[in-house]
1. Looking at region 447-461, which of the residues that are within 11 Å of H258 (Cα to Cα) and in contact (Cβ under 8 Å) with a residue 40 or more places away in the chain is surrounded by the most Cβ atoms within 10 Å (Cβ to Cβ)?
2. G66 versus (1) more than 6 Å from the ligand (Cβ to nearest atom); (2) touching a Leu at 6+ places or on another chain (Cβ under 7 Å); (3) part of a strand (DSSP E or B): which is the lone unmet condition?
3. Only one of (1) in a strand (DSSP E or B); (2) at pLDDT below 95 is not met by R45, so which one is it?
4. Looking only at region 298-351, which residues are more than 25 Å from G473 (Cβ to Cβ) and open to solvent by 20 Å² or more (accessible area, probe 1.4 Å)?
5. Consider K51 against the criteria (1) more than 11 Å from the ligand (Cβ to nearest atom); (2) within 30 Å of D354 (Cα to Cα); (3) open to solvent by 20 Å² or more (accessible area, probe 1.4 Å); (4) modelled with pLDDT of 95 or more: it satisfies all of them except one. Which criterion is unmet?
6. Between V596, V606, V525, which is within 16 Å of the ligand (Cβ to nearest atom) and among the β-branched types (V, I, T)?
7. Just to be sure before I move on: is D110 open to solvent by 30 Å² or more (accessible area, probe 1.4 Å) and in contact (Cβ under 8 Å) with a residue 12 or more places away in the chain in the structure I sent?
8. Give the residue that is surrounded by the most Cβ atoms within 10 Å (Cβ to Cβ), with candidates limited to residues of region 22-34 that are under 21 Å from P199 (Cα atoms) and at pLDDT 90 or above.
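The values are calculated or read from the model by the stated rules, or taken from the named source; none is laboratory data. The structure displayed is predicted, hence computed values, not measured ones. Because the Cβ atoms are built from the backbone with ideal geometry, glycine has one as well, and the counts that use them run over all protein chains shown. The protein model used for the area step is the full one, side chains on, heavy atoms only, and it has no ligands, DNA or RNA in it. Shrake-Rupley method; radii C 1.70, N 1.55, O 1.52, S 1.80 Å.
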Amino acid sequence: MCGIVGVLGREPAAPLLLDALKRLEYRGYDSAGIATLGAGGHVERRRAAGKLRNLEKVLDGDPMIGTAGIGHTRWATHGAPTEANAHPHVAGRVAVVHNGIIENYRALRDELVASGARIESDTDTEIIAHLLNGALDRGLAPEAAVRTVLGKLQGAYALAIVFEGEDDLIAAARVGSPLAIGLAEDGTYLGSDAIALAPFADRLIYLEEGDWALLSRGGVRIFDETGAETRREDTPTPASISLAEKGNYRHFMAKEIHEQPAVLGHTFGNYVDLSEETVRFDEAASIDFRGAQRIAMSACGTAYYAGLIGRYWLEKLARIPVDIDIASEFRYRETPLAPGNPALFISQSGETADTLASLRYCKAGGQTIASIVNVPTSSIARESDVVMPTLAGPEIGVASTKAFTCQLAVLASLAVHAAQARGTLGPDALKAAVRALAETPGYVADALRQEAEIERIARDLSHAKNALYLGRGTSFPLALEGALKLKEISYIHAEGYAAGELKHGPIALIDEEMPVVVVAPHDAVFEKVASNIQEVAARGGRIILITDERGANEAGSDAHETIVMPTVPELVAPIVHAVPVQLLAYHAAVFNGTDVDQPRNLAKSVTVE
Ligand code: HGA
């Protein structure tokens with residue numbers, strides 16, 4: 001959340017900053033701003049509320065000079081999304097952009113106000129600029145000012161700072177929010193993630209937790225949390241980052257939905273060994289599945305729903321009990337943990353603040369830390385004992401699609417691996433499971449062929465004010481995910497429910513106006529769901545049934561609409577049935593004309609609490 005960039009180059013910085021911000025806009029789009037060092041080394045600033053295109057217009061009318069600068073795209077935590085609250089924040093000779101929350105900002109602000117500072121915004125960020133400017137006024141050089149001020153800040157931050165008259169300096173700091181430095185022949189760059197820097201930088205350095213740095217065109221000096229100068233390894237900029245283009249698709253989300261057969265192929269390819277008919281899980285080698293008493297899982301949002309499905313698989317196939325929590329609850333619940341068990345964390349970005357905090361809680365509790373992440377250089381990956389990557393490639397659409405199904409791919413493979421290790425599946429069942437995993441990308445490609453039909457059904461759904469999603473077993477978390485997807489991109493209120501819970505309350509909502517999306521492949525619990533479908537039909541609910549051919553034959557006549565998925569092994573049905581759930585939400589949102597890739601109030605990569 002919030003995107004940060006910095007440029008120390010030889011060409012005008014503003015166009016480069018804007019270009020990098022475009023790639024970071026998925027992190028926040030409440031406002032955007034740029035500061036450069038213009039004529040005479042003075043700090044110049046342009047800001048605009050709303051999307052980046054508003055800032056672009058401002059810059060068109062009032063271009064900036066200067067080859068050094070910083071930029072920001074904001075997801076507001078403190079203060080409304082106005083121009084006055086947009087970053088960069090400037091005080092005297094200092095401009096600052098910030099990702100995170102300064103938790104002690106009230107106390108610091110009171111001190112500043114008492115000493116005569118004029119605070120112009122409602123943000124926590126502005127106080128950093130005033131503190132730095134105050135330090136310069138007391139005669140400190142920029143380096144000493146940064147060192148002193150960082151010592152006063154509590155909370156989470158990634159910072160980029162420029163100083164008047166210092167045309168060859170950007171100061172950066174990282175506590176709890178990621179930052180990467182890009183190195184190139186023609187300059188030095190800074191960004192919240194590698195995607196921002198990919199076109200500029202040949203090599204990347206990821207700052208470690210607690211690091212701060214002084215960038216110049218000739219290189220970078222890095223200091224660790226103790227203040228000692230240190231070295232951090234640089235790595236080549238990954239080539240795959242150039243994938244972050246929309247291609248011929250109208251939205252990133254559509255592109256990412258359609259990429260699923262390919263990226264699932266990569267992800268399963270990493271774990272499934274078809275020639276040996278086994279799951280090859282080198283990554284998980286240090287998880288002691290035989291000795292484990294239980295697994296603790298934490299995640300947020302869509303990743304949490306992936307974990308819920310993973311629990312069904314791990315418990316059923318590997319007979320290992322799984323506790324799963326929403327990370328923002330788990331981190332404060334003070335759950336007792338028996339040392340030596342695995343704890344599993346799922347996050348697309350690998351930077352989700354609550355998931356990272358849960359990870360640290362489990363680490364302190366002596367758990368083996370395993371993570372499923374899409375960004376291998378992320379904080380969660382770095383702090384894990386075992387990293388199991390999803391090879392989904394960059395996901396730009398704020399609503400997660402391909403990262404979700406790739407998380408499911410890793411979880412399904414892991415469950416089969418754990419079953420192998422614990423001897424809970426016979427050789428034939430294991431082989432069948434491995435074959436099912438390997439064939440899933442093909443099933444997903446088949447599922448996508450139903451898009452025209454799903455689009456037709458979504459037109460009707462787009463008129464609804466409310467919707468219910470129902471499922472049982474592994475389809476229950478899919479119902480939750482379907483409702484979340486519809487809410488977040490089409491703004492239609494939706495609830496996901498366990499089909500068996502319907503009669504305990506939500507059935508009161510059902511009337512002719514209420515679309516009820518039922519996710520029900522013909523699996524072991526299908527008959528039960530079929531009864532629930534009848535209960536809805538009897539009360540006039542408009543059922544949209546997502547099932548396979550057998551399910552359609554048995555329950556189809558009770559449904560208003562039926563979306564028929566390919567017939568697939570039960571193990572992988574959730575991955576295949578995720579596709580229509582995603583497409584329904586996508587097309588409903590397109591019909592409603594919402595901003596599909598950047599829905600209101602949301603941001604990807606939730607790095608604040
Ligand atoms: N607290 C700052 C930055 C917000 C942020 O990092 N969001 O993810 C603000 O509200 O501007």
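1. In this case the residue turns out to be A447.
2. (3)
3. Failed condition: (2).
4. If the condition is that a residue be more than 25 Å from G473 (Cβ to Cβ) and open to solvent by 20 Å² or more (accessible area, probe 1.4 Å), then S328, R331, Y332, R333, E334, T335, P336, L337, A338, P339, G340 are the ones that fit.
5. (4)
6. V606
7. no
8. Among those that are under 21 Å from P199 (Cα atoms) and at pLDDT 90 or above, it is A32.
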